[in-house]
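**Student:** One structure, pasted below without further comment.
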Amino acid sequence: MEKPIPVIGLAGYSGSGKTTFLEKLITELKRRGYRLGVIKHTHHKDTRRPNPAGAAVEVLAAPDGAFMFREFETEPPPEKVISMLDGVDLILIEGYKQGRWPKLAIFRHGVTERPAIDPEDLLAEISDVSSGSAAPHFSLDDAAGVADLLERVILKMKKNLRANIPVKQKWVRIHARQDP
């Protein structure tokens, strides 16, 4: 079994700034030395142009990395997608709003509503206005502040796991490498 990898979600509606904030957060966490896995969930069939020949697995390889697309008969559950990532310190997920892991709610006043997130899963709000929630609030430009919060959460998760103290399993995915 591999080491547990903390999972943090970014939830918000289209136009909220999720992708822009995710890019800032990745830059900040990478600067701090973290290896990150990122999952972007999409419902749109046009996100990736289908392989015209119909290959079940397609890999795009370049000198600096590779991208793999694997075809499934039905949409895989988030846990299956998460299990495909290894060798990282943290997994950030954009989308899968209903997943049971801590989430950053991202929204912009007058542009998008605050996403409906189970209060138990709400880690922080990232917005130009506070909703009045008890969760910490950060501006859309404060990737460093959110990274500080994530470092505290990750350290606590890992410390509890090393000490065999039960951690909310919905917030940490422990998984052996699974072949898709």
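**Student:** Counting just the residues of segment 24-37 that are at pLDDT 95 or above and under 24 Å from GLN98 (Cβ atoms), which one comes out surrounded by the most Cβ atoms within 10 Å (Cβ to Cβ)?
**Tutor:** Once the filter is applied, the top-ranked residue is LEU25.
**Student:** May I ask you to say which residue of PRO119, PRO115, PRO136 is closer than 19 Å to TRP101 by Cβ and touching a residue at least 60 places away in the same chain (Cβ under 8 Å)? Steps first, answer last, please.
**Tutor:** On the way: PRO119 fails: touching a residue at least 60 places away in the same chain (Cβ under 8 Å); PRO136 fails: touching a residue at least 60 places away in the same chain (Cβ under 8 Å).
On inspection, the qualifying residue turns out to be PRO115.
**Student:** Working only within segment 87-134, note down all residues that are surrounded by 18 or more Cβ atoms within 10 Å (Cβ to Cβ), more than 22 Å from GLY37 (Cα to Cα) and hydrophobic (A, V, I, L, M, F, W, C).
**Tutor:** Result: PHE107, ILE117.
**Student:** On to the next question. Taking the residues in segment 68-96 that are of a type in the set (Val, Ile, Thr) and in contact (Cβ under 8 Å) with a residue 40 or more places away in the chain as candidates, determine which candidate is farthest from ILE26 (Cα to Cα).
**Tutor:** VAL81
**Student:** Could you list, in sequence order, all residues of segment 10-45 that are in contact with a Ser or Thr (Cβ under 7 Å, 6 or more places away or on another chain) and β-branched (Val, Ile, Thr)? Spell out how you get there, then give the answer.
**Tutor:** Our first condition is that a residue be in contact with a Ser or Thr (Cβ under 7 Å, 6 or more places away or on another chain); within segment 10-45, this holds for 12-13, 15-16.
Within segment 10-45, no residue meets the criteria.
The values are calculated or read from the model by the stated rules, or taken from the named source; none is laboratory data. Keep in mind that this is a model prediction, so the values were computed, not measured. Note that each Cβ is placed from the backbone with ideal geometry, even for glycine, and that neighbours are counted across all protein chains shown.
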